[in-house]
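Right, one structure below, let's go through it.
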Amino acid sequence: MITVTSIKELKEVVNKVRKNSTVGLVPTMGFLHEGHMSLVKQAKETVDFVVMSIFVNPTQFGPGEDFEKYPRDLARDEQLAREGGVDLLFTPTVEEMYPKPGRTTVHVSGITEKLCGASRPGHFDGVSLVVSKLFHLVQPDYAFFGLKDAQQVAVIEQMVQDLNFPVTIVPCEIVREADGLALSSRNVYLSPEQRKEALILSQSLKHVKERFLNGERNAEVLRQEAITLIEESPLAQIDYVSLLSYPELETVSYIDSPAIIALAVRFGNTRLIDNALLKN
Ligand code: PAF
């Protein structure tokens, strides 16, 4: 595995490789876990050459969010990336990615105003900006994103379509702990008690999915049942529980096309997200 920190070195390597190999990009913010490694696995099955980026992107964090204390461990990440079969690791500094204050924004309208976009204004502009930059720098044939951030996947797909990026987006399944908790770099913030109570997220989604598969199609009934279950946990503070069409993220009352139940819940200062797709 080659590790580079500068855009110049990144371009030198990928420009050579691209001549006779397909290239895949796994963009991450590091503190790697099995969820990220499943993206690498999928990338290795799809392309000849796997590039992973590790960059905690300041433009997608709002004031007062956890940019400064977002977990980082580059030495461990490098080892995991190497063991996972990443070919090229790109770990730029903030100055390398944003040498001067920029004047260009990449704003996907509509779907960014719901769910996490409503709770974290500007978040998806930061994501679209950095992902656009990475797509231009790496020019991957395929890029791999986890469905735990299903809204992010919808936003990136829309951006790729609208701006004709020559890349195929590969959405990858959510990876969970054996007890159901969706893997997230932020899980390290949870106290043992919060960690135990956070199981209510996957349990409530499982309940909704089962009710859907058994024929319940009333979106508000399903949403309320999820809320009732989550509220049983005294430590859980609901940010949102929404049931929307997917990937359009429009309000639905009767579910007759693919939909998503998505939630964001705080345990202390830790905000966790999870979701389940509802389709026959
Ligand atoms: O999903 C993430 O980790 C980030 O939002 C991404 C796509 C790497 C952009 O910074």
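The values are calculated or read from the model by the stated rules, or taken from the named source; none is laboratory data. This structure is a prediction, so every number in the text was calculated from the model and none was measured. So basically every Cβ, Gly included, is an ideal-geometry build from the backbone, and we count neighbours across all protein chains shown. Ligands, DNA and RNA are stripped out before the accessible areas are found, and what is left, the full protein with its side chains, is counted by its heavy atoms. Shrake-Rupley method; radii C 1.70, N 1.55, O 1.52, S 1.80 Å.
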Return the distance in nm (one decimal) between the two label points of a simple spin-label model at HIS136 and LYS8, each offset 7 Å from Cα along Cα→Cβ. 1.9 nm
What accessible surface, in Å², does a 1.4 Å probe find on ASP73, ignoring ligands, DNA and RNA and rounding to the nearest 10? 60 Å²
Can you give the helix-only mean residue ellipticity at 222 nm for the chain, where every DSSP H stretch with n ≥ 4 adds -39500 (n - 2.57) and the sum goes over all residues, rounded to the nearest 500 deg cm²/dmol? -11500 deg cm²/dmol
With bins 10 Å wide starting at 0, give me the P(r) of the chain over every alpha carbon pair, in whole percents. 6, 28, 36, 22, 7, 1
Using every alpha carbon pair in the stretch 1-79, what percent of pairs falls into each 10 Å bin from 0 up to the bin containing the largest distance? 16, 43, 32, 8, 1
Per the rule of 0.36 nm per residue minus the C-alpha distance, extending ASP66 to GLU232 adds in nm 57.0 nm
Protein chains only, probe 1.4 Å: how do SER242, SER53, SER109, SER257 rank by accessible area, largest first? SER109, SER257, SER242, SER53
For a label point 7 angstrom out from the Cα of ASP48 toward its Cβ, which stretches of the stretch 81-115 have the backbone nitrogen within less than 19 Å? 85-89
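With every protein chain left in place, what is the accessible area per residue of the stretch 1-155 in square angstrom, probe 1.4 Å? Before the final figure, lay out the partial values.
Working: 7240 Å² over 155 residues.
Counting only protein heavy atoms, the per-residue value for the stretch 1-155 is 47 Å².
Computed FRET efficiency, Cβ-Cβ of GLN224 and HIS33, R0 41 Å: what is it to the nearest 0.05?
Numbers: r = 32 Å, r/R0 = 0.78.
Efficiency, rounded to the nearest 0.05: 0.80.
Pairs LYS41/LYS209; LYS69/LYS206; LYS19/LYS44; LYS206/LYS279; LYS19/LYS100; LYS41/LYS279: which exceed 20 Å Cα-Cα?
Details: LYS41/LYS209 27 Å; LYS69/LYS206 31 Å; LYS19/LYS44 18 Å; LYS206/LYS279 13 Å; LYS19/LYS100 32 Å; LYS41/LYS279 26 Å.
Where the Cα-Cα span goes over 20 Å, the pairs concerned are LYS41/LYS209; LYS69/LYS206; LYS19/LYS100; LYS41/LYS279.
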Could you give the alpha-carbon Rg of the stretch 120-250 over 2.2 N^0.38 Å, rounded to two decimals? 1.22
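Going highest first, how would you order 99-107, 113-121, 227-235, 161-169 by mean Cβ packing within 10 Å? Walk me through the intermediate numbers first.
Details: 99-107: 9.3, 113-121: 17.4, 227-235: 14.8, 161-169: 13.1.
The packing order, highest mean first, is 113-121, 227-235, 161-169, 99-107.
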Residue separation between LYS209 and SER253 times 0.36 nm, minus their alpha-carbon distance, gives in nm 14.2 nm
Carbon and sulfur %, accessible surface of the stretch 129-280 computed with the full protein complex present, 1.4 Å: 48 percent
Measuring from the longest principal axis of the C-alpha atoms of the chain, the long axis of helix 74-84 (C-alpha) lies at a number of degrees, nearest 10, equal to 90 degrees
Out of ILE7, GLN60, SER233 - ranked by how far each Cα lies towards the positive end of the dipole of the chain, with unit charges on the beta-carbon of charged residues - the top one is ILE7
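Residue separation times 0.36 nm, minus the C-alpha to C-alpha distance between GLU83 and THR104: what's the value? Walk me through the numbers on the way to the answer.
Details: separation 21, 0.36 × 21 = 7.56 nm, distance 3.71 nm.
The span from GLU83 to THR104 would gain 3.9 nm if fully extended.
Let me check I've understood the local charge: for ALA198, count other residues with C-beta under 12 angstrom from its C-beta, Lys and Arg +1, Asp and Glu -1. What total comes out?
Numbers: positive: ARG176, ARG186, ARG195, LYS196, ARG266, ARG271; negative: GLU177, ASP179, GLU193, GLU197, ASP274.
In short, +1.
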Residues of the stretch 36-75 with amide N under 16 Å of a point placed 7 Å along Cα→Cβ from GLU95: none
